[in-house]
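Worksheet: one structure, shown below.
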Number of protein chains: 2
Amino acid sequence: MRHRLKDVAERAGVSVKTVSNVVNGYQHVRPDTRARVERAIAELNYRPNLSARNLRKGRTGVIALAVPELDIPYFAELARHVVTAAAGLGWTVLIDQTGGGREQERKAATGIGDHLIDGLIFSPLALTAEDLAGLDGTPMVLLGERVDHGQADHVVIDNVAAAREITAHLISLGRRRIAAIGAQRTPEGASARLRLAGYAAALDDAGIGYDERLVASAQAWHRADGAAAMRDLLATGVRPDAVFCFNDTLALGALRTLHEAGLRVPADVAVAGFDDIEDGRFSIPTLTTIAPDKERIARLAVELLANRLDGDRQAPRGNSRPPTASPPARAPPPDGARRHEWVR
Amino acid sequence: MRHRLKDVAERAGVSVKTVSNVVNGYQHVRPDTRARVERAIAELNYRPNLSARNLRKGRTGVIALAVPELDIPYFAELARHVVTAAAGLGWTVLIDQTGGGREQERKAATGIGDHLIDGLIFSPLALTAEDLAGLDGTPMVLLGERVDHGQADHVVIDNVAAAREITAHLISLGRRRIAAIGAQRTPEGASARLRLAGYAAALDDAGIGYDERLVASAQAWHRADGAAAMRDLLATGVRPDAVFCFNDTLALGALRTLHEAGLRVPADVAVAGFDDIEDGRFSIPTLTTIAPDKERIARLAVELLANRLDGDRQAPRGNSRPPTASPPARAPPPDGARRHEWVR
C-alpha cells in the first residue's frame, strides 16, 4: 500500500499540516517534532507526493528533453549531460524520442502537456515556425538552428565556423580532393546545409574549386548511410584524398567502406567527423572530429529554462557567447524576451 | 494562445459536449457536425488536452521507460523499440535515465508518480526487492533478472544459455585459452554473474579448465573498461587466443587494445561480444556477438504493461517462452498474478 500524508501524521501523532511543513522544508518546525515526523516517514517508507510538494510552486519537478533519436550517440551523450545539469536543480528529466517526424514533434511540443512537465528542452528536425507559433503553454528552450521561434530561448553551435575549421585542417594536411558526406536539401537538413556552407567556404579560402561530384548526400546520418555514400564516392572514380563527414556515425560508416576497399586511413584517405562521440575515440583509427561542448550546451539549456521558470526573461547570465563567424547572428526580437546562446 | 474546448465549440457553433464527443472518438455524432468540429479544430490548431481526453479512462497516455544509461547503445536501441511498440497503442514513452544508482532508481520507481504516467517499464541495476516491496502504485514491468518482485511482470533473456553458446562457438573454432571480460561481484552485477556462469559451463562442457587469470573484471561496461581489461590480460603474459566480452562496448574497447598491441583479430585473438549493437556491425572487423531480440523484448514489455492496465493480470498472451537452459526457472507466485517472459 502506498502511504499518504495522513498516515504519517497519525503515526507521528501530529497534524497533516505539520507533516506537510516538514516535507516542504519549512523552518518553523520544532526539532523534536521534525524528528518524530521523519521517523514516521522512514518507518512507513513514505514518498512525498511530487505534485503535492510542488503544488505551492505550481511545479511537477519534471522537465522533458525531446530529441530525434537516441541511436545517434550525440543525442544520447547530450541527454546524459542534460540529466546531470538538471539533477543539480533537483529536476527529473524525461526523454521524449520523437523520431524527427513533424507530427511526433508537434506532439512533443504540445502533447506532453504542462500538467505533466514544467518545461521542455527541444531539439527539433521537422517542426516549423508555424507549428510553434500557436504555443503559449510549456516553457521551452530550443537546441539547434532548425527552427526559429520568438517565444523560445535558443542554444546553437556555430556549424559554419566549425565545418570551415575542420575542412581547413584537412587542407593544411595537403589534401586537395576533399569529399563531403551528409548533404541534405530538405528543410529538416538545416545542420547539413550549414556544414556544407562551411566546407565550401574553406575550399574557397584555399582557392580549391567546389566539385559537386565530391559531395555525397545522406538521407539519414547513420553508419549505414556513411558506408553507402563512401561506396558511391569510390565508384564514381573521382578518388578523394580526404572526406569530411557531417557527423561521426557517418564517418564510422565511411571508415568501414574504406577498410573494405583496401584503402588506408589516413595515409590514402583522411577522414574527419563531427560530434566527438565515444565510438570515434575507440575506432581504428581514432576519428578526427569537431567536439561541440555537449556539457556546456546542456548546462546552458537547463539554465535558460530555469530562468524562464523563474519568470526572469531579461537578465542574461554570464555564459553568452557571440557567434565567431557566420551564420548571421539573429537579433533578439524588440521585446528582448528571447536569448540566443552560442556554444562551440 | 492555447485554445480550449469552448473556443472550438464557439467556432463550430456546437456545444462543448459535442466537441468532446468528437475528440473522444464517440460514434454518435452526425457526420456534418463532426466535419464542422474537425474544421474548427484545424483552424484553431487546437490540441486536445491529454488529461481531459484520458480522464474517462483515468489515464495520461504516457508511460515511462527507466534505464541505467543511454550511452550504452543496447539501451538506446531498446528504447527505440519500446517507443515504436508503445506508439502502436497511442502511448507516449518518456525515458528516465537513472544512472543505475539505488537512490535514482528508487526515485524512478516511486517519484515519477502515477499522476504523471500510466505505467513504468523498468530496467534496474541497484534496486532491491525491499525497495520494490512497498510499491503498489504505478503498474510496472521489469526488464532483466536483477531484482525479483512479486507485484511486477518480468521480461528476461536467458543469459546463461546465451553465454554458454557463444563460448562454445569460440571453442568450436579451436580456441582453448578463452578469456572473459566484464566480471562483477557486486549485487548490481547480476547479468555479469550469469554470463560468467555460462562461460564457465561451456569450458566445463569441453573439458577445459577454468583459469582465473583469464577472467577480467570491469567496473562498468564501457569501451574504456574493455580496453583497459584487455591491456591487463595481455600484461599478465597468459596470452588468450579468444576473448568473450560480456557486452559489445567492452568488446569494441578490447578490439582497439588488440589493434594497438599489433595482434590480428580473429587470426591471433578471436573476439566475441553480447548485444548486437549497430557499432559492432560496422567495427573493423565486424564483431561476433549474441543478438538478443530487442524488438521482441520491447513488444512483450509493452504488451504486459497493457494487460496490467486493462486489469488483466491472469490471461497469458501467446508469446511466453520457457527457458531453454539454466538459470532455474522462477515459478510464478501461487496467486498466478505475475508473468515471466523469456526472450532470446
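The values are calculated or read from the model by the stated rules, or taken from the named source; none is laboratory data. Only a predicted model underlies this, so the values are computations on that prediction, with no experimental measurement involved. As a convention, Cβ positions derive from the backbone with ideal geometry for all residues, glycine included, and neighbour counts pool all protein chains shown. What goes into the accessible areas is simple: the full protein's heavy atoms, side chains included, and nothing from ligands, DNA or RNA. Shrake-Rupley method; radii C 1.70, N 1.55, O 1.52, S 1.80 Å.
Of note:
- Residue B:43 label point (Cα plus 7 Å toward Cβ) to equivalent points in the other copies: 6.4 nm, shortest first.
- Under the combined filter of DSSP loop state and at most 13 neighbouring Cβ atoms within 10 Å, region B:204-278 retains these chymotrypsin sites (Phe, Trp or Tyr not before Pro): B:210.
- Chains B and A, summed buried accessible surface - 1.4 Å probe, Å², nearest 100: 4500 Å²
- Near residue B:289, the amide H atoms lying under 5 Å from its own belong to B:273; only residues 5 or more places off or on other chains count, and H is placed 1.01 Å from N.
- Counting Cβ atoms of other protein chains within 10 Å of each Cβ in A:280-286 and taking the mean gives 6.
- Annotation for residue B:15, label-to-label distances across the other copies: 4.4 nm (shortest first, one decimal, point 7 Å from Cα along Cα→Cβ).
- The H on the amide N of residue A:140, modeled in the peptide plane, is under 5 Å from the matching H of A:120, A:153, each at least 5 residues off or on a different chain.
- Per-residue average of Cβ from other chains inside 10 Å of A:216-228: 1
- Those residues of region A:82-100 for which accessible area with every protein chain present is at least 40 Å² below the isolated value (1.4 Å probe): A:92, A:94, A:95, A:97
- Among the listed pairs A:17/B:107; A:107/B:294; A:107/B:107; A:6/B:107; A:17/A:107; A:107/B:6, those beyond 28 Å (Cα-Cα): A:17/A:107
- Copy-to-copy label separations for residue A:28, where each label sits 7 Å from Cα toward Cβ, in nm and ascending: 5.5
- Taken residue by residue and averaged, Cβ atoms of other chains lying within 10 Å of the Cβ of B:251-258 number 2.
- Peptides ranked, highest mean first, by Cβ atoms within 10 Å: ranges A:84-91, B:5-12, A:180-187: A:180-187, B:5-12, A:84-91
- Peptides ranked, highest mean first, by Cβ atoms within 10 Å: ranges B:295-304, B:263-272, B:95-104: B:295-304, B:95-104, B:263-272
- Judged by the ratio a/c of the largest to the smallest principal axis of the C-alpha gyration tensor, region B:163-302 counts as rounded, that ratio being less than 1.5.
- Gap separating the Cα centres of region A:235-287 and region B:170-202, nearest whole Å: 33 Å
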